[in-house]
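The values are calculated or read from the model by the stated rules, or taken from the named source; none is laboratory data. Since the model is a prediction, treat every value here as computed from it, not as a measurement. Glycine gets a Cβ as well: all are built from the backbone with ideal geometry, and neighbour counts include every protein chain shown. Remember, those area values only see protein heavy atoms, side chains included, never the ligands or the DNA or RNA. Shrake-Rupley method; radii C 1.70, N 1.55, O 1.52, S 1.80 Å.
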Amino acid sequence: MRAQFLSVYTAIIPSHVHVRGVFPSSRSEEIFSCSSKKAQTEKYCVWKLLEYALFHAFGKRIEEISFPKSADGKWECDFCHFSLSHSSNAVAVALADSPVGVDIEKLAPIKNGKGVAKKILTVSNWLYIWSIPPMATTLQ
């Protein structure tokens, strides 16, 4: 039986980010083509988190990796599957040995028993989430 691999990385987007070029250049072009500075920052930070995750998980520098785009425009990697997500002030990256998806959303307070969290989480999920001490990775 083949070993299964899944690793998820999250980070808070710093309040001041200087968006720079990234590898590959086609990703840089995609980032800088965004008209919104917020979208540029989120796309830049999630790619930097991917860079960190690939080095942390596999010891590979991003420049050593090929990043083709699928027919539907999704970024791919030549040796693992990954998924990217960004929302408001946070980013997430999932790495896996099979297709994977990750989503990150800003948690809004539940008002009067309403909100997405109230609708989708069980009591045990809710207790588990709030028992985890917060962690933040700083992106540079």
Starting from 0.36 nm per residue, how many nanometres of slack lie between Phe55 and Phe5 once their C-alpha separation is accounted for? 16.5 nm
What spacing in nm lies between the two simple spin-label points modelled at Leu121 and Ala39, each 7 Å away from Cα in the Cβ direction? 3.0
Carbon and sulfur together cover what percent of the accessible area of region 1-101 at a 1.4 Å probe radius? 53
For Ser26 the rounded accessible area (nearest 10 Å², probe 1.4 Å, non-protein molecules ignored) is 50
